[in-house]
Amino acid sequence: MDEAGRERREEPRREPAGAAEGRVADGVPVGRAGASARLSGRAVGAGLLERLDPGMHRRVKGLRLVTAFGLAAMMGRMPELTSALGTGPALSVLAGGFALWASVSVARASRRDSSRDLAALCLAATLGAVSFILLASRLGGAGTVGGELVLVSGAFATGYLRRFGVTGAGIGSQIYIGQLLAYGAGLGLGDLRTVAVAGAIATIAAVVPRVLSGPAEHPAASPTLGPVRVAGLRRTRPELAMGVQAAAAALAVVGLNRWIGLQQSDWAITACTYVIAGSAAGTVERVRQRMIGTAIGVPIGLACLPLAVHAPLLLWGAAALAMVIYAMALPERYDVACGAFAFTLVVTLAASGEQSVGFLAARIWETALGGAVGLVAALLLLPLRSAQREGLPPGGG
């Protein structure tokens with residue numbers, strides 16, 4: 001047989017055009033149509049991820065803040081420190097909280113500036129915890145209404161210090177965080193050394209990951225307070241009004257707690273503090289987003305409660321992933337960020353031994369209560385209006 005005949009016999013059989021596209025295997029389309037479907041699905045997922053986190057920089061920040069928290073929490077459990085200070089888990093809780101929220105608040109591009117701000121933010125949290133201990137000791141102690149009243153001052157700082165830019169806003173938030181952690185841990189005058197050591201640990205744990213992340217992390221554009229003024233008070237600074245609104249809302253929650261008895265009043269105080277925005281409309285939107293996010297995140301966390309007994313390590317891993325999502329979503333999707341953090345809070349409490357569904361579910365309605373109180377304060381007390389809409393210059397001077 002000649003070579004031409006052999007080649008014709010060995011030539012593979014060609015399928016008609018379009019046959020590959022219509023073929024299925026085990027019910028799954030293959031060929032061009034199946035590949036196109038898979039590629040389109042991947043493209044949609046990649047597009048959503050890119051819109052949420054352009055350039056992967058926020059994912060790097062999420063990994064950094066999880067690392068900072070883990071380092072601080074582990075260092076706070078060193079037997080040499082806990083035995084020398086005579087403290088239980090308080091050192092680890094304080095150090096981890098200081099480092100975590102300092103890492104969230106920092107917004108600098110260079111490692112040097114970020115390290116400086118991280119040190120300042122950890123110091124602010126330390127001073128916040130110290131202020132709580134000193135003030136609460138004169139007002140009846142951490143477990144009394146006096147302890148809750150100290151949180152009112154932190155709520156004011158969270159709003160007012162925004163006048164000093166993004167770093168000032170972070171310092172105000174850290175003062176409140178320090179007070180909140182000290183309140184939750186029930187600290188007293190004998191714990192001042194513990195707070196100081198926690199601040200030092202948090203600074204190291206927050207700075208080291210930021211130095212290592214280097215140019216891989218670019219902070220999101222910092223939100224600025226638009227041209228607003230206080231209705232009827234043209235010379236009052238908007239940031240002062242925000243501080244007063246947050247403090248008044250926190251004080252109202254303290255009063256409600258004494259009247260009806262809240263399960264975890266600090267959750268409501270925190271909600272009303274952080275929903276205050278640079279305008280009444282902005283506060284309405286933040287309340288809506290925080291309620292939606294919490295109402296979704298808490299039930300998902302409750303559904304994972306069985307893992308607290310059978311696979312606690314898996315639960316901690318899910319919490320770490322949720323905090324990465326929190327960092328990715330926070331600049332533009334406050335609802336997603338609130339849902340991620342609500343999930344993290346529920347599962348970490350469960351992994352730490354808190355198994356009461358009623359207690360964990362209280363996060364939903366106490367967040368709703370705090371958000372509603374904050375909204376009322378923003379609408380009725382020194383409300384902020386758009387200066388451009390009313391044809392007036394911004395307030396303050």
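Bear in mind these aren't lab numbers, they're just calculated from the coordinates by the rules spelled out. Just so you know, these numbers come straight off a predicted model, no measurement behind them. Because the Cβ atoms are built from the backbone with ideal geometry, glycine has one as well, and the counts that use them run over all protein chains shown.
Whole-percent P(r), the stretch 56-215, all Cα pairs, 5 Å bins from 0: 2, 11, 20, 21, 19, 15, 8, 4, 1, 0. Under the shape rule built on the C-alpha gyration tensor, where the axes satisfy a ≥ b ≥ c, the stretch 317-383 is oblate, since a/c reaches at least 1.5 while a/b does not exceed b/c.
Shown for the stretch 228-397 is the translational diffusion coefficient from the Stokes-Einstein equation, using the Kirkwood radius over Cα pairs, a temperature of 4 °C and a viscosity of 1.567 mPa s: 76 µm²/s.
Dipole of the stretch 228-397 computed with +1 at Lys/Arg Cβ and -1 at Asp/Glu Cβ about the Cα centre; of GLY353, ALA246, GLN263, farthest Cα towards the positive end is ALA246.
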